[in-house]
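Please treat every number below as a calculation from the coordinates, not as lab data. This one's a predicted model, so the numbers in the text were calculated from it and none came from an experiment. As a convention, Cβ positions derive from the backbone with ideal geometry for all residues, glycine included, and neighbour counts pool all protein chains shown.
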Amino acid sequence: MEEQKQNRGQKSLKAFVNVRGLCVGCGACVNLCPYQVVYRDNTIVLNDCDLDVGRCYAFCPRTPTDLETLRKRLFDQEDLTPEIGAIKAFYITRAVDPQIRENAQHGGTVTALVHLALEEGIIDSAVLAEGTEGLLPSAIAVSDPAEARKGLKSKFVVSPALAEFNRIIKEAPEKIGVVATPCQALSLAKMQMKPVEGKDNSIDKLKLVIGLFCGWALSWRKLVSVLRSKTDIDAIVGMDIPPSKYHTMQVYTTNGTVDISLDEITPCVRDGCNYCFDMTAEFSDISVGSARLPEGWDEAKGWNQVIVRTQTGVDLMERARARGILEFHDIPEGNLDKLKKASTNKKIAAVENLMAKSGTAEDLLYLDCHDPMLNGLIG
C-alpha cells in the first residue's frame, strides 16, 4: 500500500482507486491526455501510461489527500467547523424567478447563482450537468446566461463534469465556474494546489465552485434497470428523495409521479460513494442542498439550504440579494445543528468503511488518519 502511495502515475491510480472500488466517476482523470475517456458512466483506460507522476493521480479525489493543507490554503481558519467545513454564512433561499424554480431542482438557487455569475461577468463559462437520452450522465460548458437559466433537475447520477472542465480550461474562457459534487469539489481543490510542476497554471482560470449536497450517487446502469421496470425512461423529467421518514425516491414523469422504495434504490449506489466523507461539498465557495422546514416536505422542497464558505461566495450572495435574484427564508431553530449531525454521520460511516477496506484504523486510504478535523469527530 505504501508503495502505491509513493508512485503517483496512472498505474497506481488503477491499482489504488479503480481496482479497489473507490472510483466515483468525477471525470478528473479525463481530457488530460488521450489515454482515458468516459464511456457510458465508466472511466475507461484506453492505453497504459508509463509516467511516474501524472495529473490523473494527483487530481483524483480518492488518492491520498492532505485535507488540512487544502483547508489552510482555501479558507479562513476561524470559519472552519469539523462537521461541515468552513461557514461564513448560512441561509435558506430560493430563486425569485418562478420559471427558474420550475425548471431547476428544489428552489433553483444554483441555477439563479450561475445565471447571475455569467451575467455579471464573474465567470465567462460554467460547467454544468447535462441531461441526455436514457438518463446517461454528461456535462456541458455554457457561456450564455440564457442557457444556464434552463436548469436541470437531478437524476442522482454523477455527471463527469471535471472531464468537461479539463477540456475547456485549455480553450478561450479566462474565468470558469463549476457546479460540482463533493468529490468533484475536492478534486478542484487539489488542482488548485498545482501538484504537478509546470502543468497546472491554467487552474487559475477557476473562479467559482458551487457545490451540491450529496449523500450518494447512483450507478447509471443499475438505476436504469430499476426504472425501466417502473416507468418509461424517456418520460422522466426529474427525481427527488424526500426526508428519510418517507423511505422513497420520487420519480417525476410527464405522466405523473412514481414512488419507488429506497430498498430498491440503495443497491444502485456507486461503490465509491460508500467511502466519501463529505456530504456538503466542503471545498466549494458556496454549497447548496435541499431545505428542511417545519411546514413539511411539500413546502421545504421548494427551498435550498446554502452554506457560504469563501469571500467569493459572500460577494456573489450579496449581489444576488442586492439584485433581488434570491428570496431569503427565516432559518428555523436547530437547522444548522441537524445538518451538522447528518454530515457527521456520513463521515463516521465513511471512516468505518475505509477501515474495513484497508483492514486497519491506521490506513484510511485517501484520508489522513491523523487529520485533526476528522479526529475531532471520530475520536
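Given labels modelled 7 Å from the Cα in the Cβ direction, how far is it in nm from A356 to L80?
Each label point is offset 7 Å from its Cα along the Cβ direction, giving 2.9 nm.
Would you mind ranking Y57, Y39, Y252 so that the residue whose beta carbon has the fewest other beta carbons within 10 Å leads the list?
Numbers: Y57 27, Y39 10, Y252 16.
Fewest-to-most Cβ neighbours within 10 Å comes out as Y39, Y252, Y57.
Please list the equivalent ellipsoid semi-axes of the chain, computed as the square roots of five times the alpha-carbon gyration tensor eigenvalues, in descending order and whole angstrom.
Working: eigenvalues 171, 112, 103 Å².
Result for the chain: semi-axes of 29, 24, 23 Å.
How about the chain: what cysteines have no other cysteine beta carbon under 4.7 Å from their own?
Lone cysteines by the Cβ rule: C23, C26, C33, C49, C60, C183, C214, C268, C273, C276, C369.
Normalised radius of gyration for segment 104-170, please: alpha carbon Rg relative to 2.2 N^0.38 Å, two decimal places.
That ratio works out to 1.08.
Can you grab the distance from the C-alpha centre of segment 152-185 to the C-alpha centre of segment 210-288, Å, no decimals?
Rounded to whole Å, the Cα centres lie 19 Å apart.
Under a straight-distance cross-link criterion of Cα-Cα below 17 Å, which lysines are reachable from K301, leaving out those fewer than 8 residues away in the same chain?
K153, K155, K245, K338
Two-decimal Rg/Rh of segment 119-258 from alpha-carbon positions, Kirkwood Rh?
Reported Rg/Rh (Cα atoms, Kirkwood Rh): 1.02.
Within a 10 angstrom radius of the beta carbon, how do C183, C29, C23 rank from fewest other beta carbons to most?
Working: C183 27, C29 31, C23 21.
The order, fewest Cβ neighbours first, is C23, C183, C29.
Using Cα pairs closer than 8 Å and at least 6 residues apart in sequence, work out the relative contact order for segment 220-268, in percent.
Values: 56 pairs, mean separation 15.0, N = 49.
Averaging sequence separation for qualifying contacts and normalising by length gives 31 percent for segment 220-268.
Give, rounded to the nearest 20 debye, the magnitude of the charge dipole that segment 220-268 has about its Cα centre when Lys and Arg contribute +1 at Cβ and Asp and Glu contribute -1 at Cβ. Mind showing how you got there, number by number?
Numbers: 5 positive and 6 negative charges, 30 e Å.
Magnitude of the dipole: close to 140 debye.
Which peptide among 298-304, 157-163, 224-230 comes first, and what is the full order, when sorted by highest mean count of other Cβ atoms within 10 Å? Each step should come with its number before you reach the end.
On the way: 298-304: 18.7, 157-163: 26.7, 224-230: 15.0.
Packing order, densest peptide first, comes out as 157-163, 298-304, 224-230.
What is the ratio of the Cα radius of gyration of segment 209-297 to 2.2 N^0.38 Å, where N is its residue count, to two decimals? Display every interim value, and only then the final one.
Numbers: Rg = 14.3 Å, N = 89, 2.2 N^0.38 = 12.1 Å.
Scaled against compact globular proteins, the figure is 1.18.
First measure r as the distance between the Cβ atoms of V53 and L262, then evaluate 1/(1 + (r/R0)^6) with R0 = 45 Å and state the FRET efficiency to the nearest 0.05.
0.60
Please give the net charge around C268, taking every other residue with its beta carbon less than 15 angstrom from that of C268, where Lys and Arg add +1 and Asp and Glu add -1.
Numbers: positive: K155, R221, K222, R228, K230, R270; negative: D41, D263, E264, D271.
Charge balance in the 15 Å sphere: +2.
Over segment 192-350, how many percent of alpha carbon pairs lie in each 10 Å bin up to the one with the longest distance?
All Cα pairs considered, the percentages come to 9, 28, 33, 23, 7, 0.
Modelled label-to-label distance, Q250 and R228, 7 Å Cα→beta-carbon offset: nm?
2.7 nm
Once the mean 1/r over all distinct Cα pairs of segment 22-143 is inverted, what Kirkwood radius in angstroms do you read off?
Details: mean 1/r = 0.0555 Å⁻¹.
So the Kirkwood estimate lands at 18.0 Å.
Please compute, over every Cα-Cα pair in segment 220-268, the percentage with a separation greater than 18 angstrom.
22 percent
Extension gain N375-T69, at 0.36 nm per residue separation less the Cα-Cα distance, in nm? Could the numbers behind the result be given before it?
Values: separation 306, 0.36 × 306 = 110.16 nm, distance 1.56 nm.
Using 0.36 nm per residue and subtracting the Cα-Cα distance, I get 108.6 nm.
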